[in-house]
Amino acid sequence: MRNLKLLKCLSSVELQSPGSPQCFSVRTDTGSLLISSQFSITEYDPPTGQVLNEVSLTSEDYLPEDGQGVVVGIQDLPDQESVCVATSRGDVVLYNLSTNQLECVGTVDSGLTAMSWSPDQEVVVFCTGQETIILMTKDFEPITEVDIHQNEFGEGKFITVGWGKKETQFHGSEGKQAAQKKAAEVQPAVPWDDRRPRITWRGDGQLFAVSAICPQTGARKVRVWNRECVLQATSEAVNGLEQPLCWKPSGSLIASSQRHPNKHSVVFMEKNGLLHGDFTLPFAKEKVKELLWNSDSSVLAVWLEDMNPGEDGKRNTYIQLWTVGNYHWYLKQSLHFGNDPLKAPACLCWDPEKPLRLHLLTRAWASYTYDWGWCTDRSPGDDSQDNANVAVIDGDKVLVTTFRQCVVPPPMCSYELQLPAAVNMVTFHSQPQRTNELAALTADSRLHIYGRVDQEGVLAMRLLLWLKEDVFVAVAGGDGLNQSSLLFLKPAETEGSDNRLEIRSKVEVEGHVISLCHSPKSDTLALQLEDGQIRRVHCGKGMLSSWKDSTGYTVNFPLPCVHTALCTINGQVEVNIFALILYIFSFIYVASNVSSFVVYDEFLLLTTHAHTCRCLHLATMSLKGETIDGINGETSTQNDESTRRVERGSRIVTVVPQDTRLILQMPRGNLETIHHRALVLAQLRKWLDDLKFRDAFECMRKLRINLNLIYDHNPKVFLENVETFLNQIDSINNVNLFLTELKEDDTTKTMYPNPASAACQSASASGADGKKKVDTICDALRSAMETLDPLKFCLCILTSHVRKTTPELEIALQKVHELRGEESEKNAVSAEEALKYLLFLVNVNELYEHSLGTYDFDLVLMVAEKSQKDPKEYLPFLNMLKTLEPNYQRYTIDKHLKRYKKALHHLSKCGEEHFTEVLNLVKDQRLYTEALQLYPAESQQYKMLSVAYAEHLVEQQQAEQAGLLLWRCGEMPRALQAFVSCTSWRHALAVAVHIPLPPEQLAQLARDLDCEEAISALIEGAAWEEALRLIYLYSRQDIAETHLKPALLEAHSNQLTFLESQKTLFTRHKNRLVVVREQKEKARLELLAALNYAELYSEASSVLTGSRIGSKYSQSNSRISARSSKNRRKAEGKKHSLKEGSPFEDIALLHALVQIIHVVDKMRGEINSCTEIHTHIYSGVVTIRKF
């Protein structure tokens, strides 16, 4: 959806030469024009307007002096620094540009009618007066000569497989009559055909086509030849085929024109000669003189001339520029040259280096060089009133698409504007609230809808901008060759002006203006010159000034830029972002892979050649000469909202203001609407800041944005406006959806990090009161819903209970049960419906269990009926429960639900007859602490529970705590036994006195406890022999079983493990030492070989080398001796480094092996002692492993 915009027009009428131009070529190395006339060859430079060289063709009789000579072709040959010229007489002349000498390299007696060089300039094709084709090399050595008119079709002749006859074949919509239809008689060529052959090459230089008049039929035929001049195909008979012929450089189509009885078309042929598509020219009374593709095949130039002269006997001439998109041909530019024969084009061609540069010469030697550029004409508004208009020029129509209402793929549109003449420029109003208005400049210099501009010439104005309601700005050619004029146009104030526009002010600009850009926000206007200079336009003063940045430096760019825009970066002046946009397209240090861009609000959106669409936040960008992060490298994080992959070759068309839609056009012309994540999130943040929860919610639902962002964006604001949120959403389903998507994660830190994070409050994992996020939201919403309308939001309230971190299912079930008494009220949700909804949120079996935990059998039955359970499963159980005493009933339910603490609580109320069950439950579930709290300390139940608890503690190796518990409940003997088992002699003696024990037993107890403590200490210190001696001395063989044997086994296992690890380490170091020594030996031998080789040098050299080495060694020694003790320790540590490849690795390995041997040797005594005691304890059965 792009238009062609005229960036620059170089015109010169100062070139004067005899005769008139016949053909010309562009010199690729200098850009100058090589023009041939019936008298001479002229080299002309359009930028300077100077004639660089000129040589006569009549002085050496290459052309007649009477001016009747014809040059049929001219071609620049940069490799030979020459120009090749072919004349109708048959001479092929080389003009050397360095020496200005002419040389005839060959002559054809029958004359020449056409010449064409291959794209690689390796071969050249001539058509002769005898209607033959001559193929030569670049050195003009003949390769072959063949007749143009061949009876054969060519090597690509179609093969008939013989399937049926023509009468029996399917003929489509034409029906059976097509089988009997006779072939149309071939009509001869049109009368105005110049009957000269045309030659055109395919872009790769492998094929060329020749269009010539067939002598039998008088009609034109196109034949395709290969590089060796072998005929490949002949075109089908095409009535009305005209003389133009041009092969598309990047495709397989050959363009020509065809005259029909009721229309005039440009037709396309394939290389096999068959027609393949066409488009109709807008006028039917013109003849097509030539067709020319530009170098990248994006624009087709059509040169037309009126077929019938006007009343004054003169014909109008036109140049039209056509482009194709989505299989539709658009007329983008129409150049009307009037009916003056001297102003009519004599020849034109595209620049071979710059695809959108067109060169044109008139018959009066006036030179025009047009530089075009691609642009997307979009409305500049950023408010909700702007319809996101995009205008596409198509001849005398402007196709306008309003992307706010609909996305219509081209060539369709929202509406068309029909104008009386072909449109060349379109601009939209730049003032806010009026950006949907547009103005169009037609080829007859009329500005629609506001009147006429009186200026002469072809494309007198360019770069049109609509600044205000009655102010237009345009650029026109200046008085000088390298000057431009900035025109400010306003309606005429004189009466009877018929809504004419007049030039109110005019500013002369030194240089060619190639772009204008305007910022509606700051009302700033800037222009760019072709050399990259930027000028600020002071509209009120009618003057220009250099554009300077915030530091006062003048902004100039190394290369000119076609696409420009104005806005701000990080609050700085607009020049910075202006520089950025230009640099994006032309300054590789910032970005070098951008294909299109648009500035919208606070974003810079761009597409790259890496097939990504970037959305950069202007408020967080900075320009300090470095590349913008990620544009060139295309690196992005997982949750980077600024990057999105797009289809290859996508370009930005427009952005819908105050929306999230970005319109892209694909290479084939179709449109795609995407919602760039950065635009979506920015719009959502605006809506949330403005408390527009409904708009944000609907957008998030449609585009699958996590709904947690509604809270996470600003938790405090959300909690303060919960009622506003509910009133705006006003949908039970939407509130439930919001609640079910809640998660504890903060989406502003994980999924959607805000690039301007300082501007908004970040959510936290928990609320201000320490509650978790989900619980905070559920409680806040439930409180608001219960205040607004609890019956309306009944289901939402249930959801808020279920979605809490610890689901409150019992409360939710209770609310469902309460609904039974409110079903008669209006708008009340029935209990049946509420229960059904709960079953949707919670597993039915889980809900059944929780309903059973409410002890409400009506609620249990209501849930059970909705489940898939068989009544035979739950009815007997429920009936049995109903027969039980209430406390025992609840105990049974809680035990069934494995809520043992509650079960214990209810069972304790059932009386002493159930205490046995209490004791069993406490023992099974280890609820000793909870059980002791349920009984008085003086009760028998408390004593029994304490004894059971003590037994449990003894099993858990906590005998001292068990003894204290038994002592408290009065079980003195058992308490003494517990204290003795854990050798707690103080408590044991205290209990023994309290029992009391006889003095003899008390003394024996004291001796036993002291002995046990000593033996335990010796075992802990690995003094095995002494510990064993005390065991036998005091006859405490029980300690040998409880303490000594386990300690011996543990020590034995630890020793074996340590020895195995040392053995493995020893083996690894030993193997590595072998490898290191082999490497050092190899290095030593190589050094000896090198020293032997060094002996071949002179003795003086050896002495010199030795003295140097000695000197260096002595200096090294002096340095070493001067080292500090710290450095010596560091150097010594490096010698013991086991790092592979270190210079002292072998020394470190030897040191490590020695250390292992010393460590193992020191363990001999400990191992022998452990082995001896082990042998004694286990009667000689012991495993001794050799190390």
Given backbone amide H placed at 1.01 Å from N, residues whose amide H is under 5 Å from that of Leu245, ignoring those fewer than 5 places away on the same chain, are Leu291
In this structure, the FRET efficiency calculated for Leu1087 and Leu1056 from their beta-carbon separation, with R0 = 45 Å, to the nearest 0.05, is 0.45
Across 5 Å bins beginning at 0, the whole-percent shares of Cα-Cα pair distances in region 854-930 come to 3, 15, 24, 22, 14, 11, 8, 3, 0
Measure of exposure for Tyr949: accessible area at 1.4 Å probe, Å² rounded to 10, is 50 Å²
For Leu1049, Leu335, the accessible-area ranking with a 1.4 Å probe, largest leading, is Leu1049, Leu335
Other residues with Cβ under 11 Å from the Cβ of Ile663 give, with Lys and Arg +1 and Asp and Glu -1, a net charge of +2
Between the modelled labels at Asp856 and Gln433 (7 Å from Cα along Cα→Cβ) the distance in nm is 6.0 nm
Accessible-area order for Leu719, Leu709, largest to smallest, probe 1.4 angstrom, reads Leu719, Leu709
Rounded to the nearest 10 Å², the 1.4 Å probe accessible area of Leu331 is 10 Å²
With the 1.4 Å probe rolled over protein heavy atoms, region 918-981 has an accessible area per residue in Å² of 55 Å²
Using a 1.4 Å probe on heavy atoms of the protein chains only, the accessible area for Glu1025 in Å², nearest 10, reads 90 Å²
Length gained, Ile143-Glu744, 0.36 nm per residue minus C-alpha separation, equals 208.2 nm
Check: C-alpha center region 778-853 vs C-alpha center region 724-756, spacing in Å is 21 Å
Given a Förster distance of 30 Å, the FRET efficiency implied by the Cβ-Cβ spacing of Arg704 and Cys406, rounded to the nearest 0.05, works out to 0.85
For Glu810 and Glu1166, extending 7 Å from Cα along the Cα-Cβ vector and measuring point to point gives, in nm, a value of 5.8 nm
Compactness check, region 193-267: C-alpha Rg relative to the 2.2 N^0.38 Å globular estimate gives 1.09
To the nearest 0.05, the calculated FRET efficiency linking Ala1017 and Glu846 through their beta-carbon distance, R0 being 51 Å, is 0.35
The alpha-carbon center of region 677-700 and that of region 247-306 are separated, in whole Å, by 51 Å
The aspartates and glutamates whose Cα lies under 19 Å from the Cα of Lys468, excluding any fewer than 8 residues away in the same chain, are Asp377, Asp382, Asp383, Asp386, Glu437, Glu493, Glu502, Asp523
Heavy-atom accessible area with a 1.4 angstrom probe orders Lys869, Lys521, Lys923, most exposed first, as Lys521, Lys923, Lys869
Cα-Cα longer than 20 Å, checked against Lys743/Lys804; Lys248/Lys285; Lys772/Lys902, kept in input order, equals Lys248/Lys285; Lys772/Lys902
So His896 and Lys1045, fully extended at 0.36 nm per residue minus their Cα-Cα distance, gain in nm 49.0 nm
If the chain between His328 and Ser546 were fully extended at 0.36 nm per residue, the gain over the current Cα-Cα distance would be 74.1 nm
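The values are calculated or read from the model by the stated rules, or taken from the named source; none is laboratory data. Predicted, not measured: the structure shown is a model, and the values here were computed from it. So basically every Cβ, Gly included, is an ideal-geometry build from the backbone, and we count neighbours across all protein chains shown. Note: accessible area is taken over every heavy atom of the protein model, side chains too, but ligands, DNA and RNA are not part of it. Shrake-Rupley method; radii C 1.70, N 1.55, O 1.52, S 1.80 Å.
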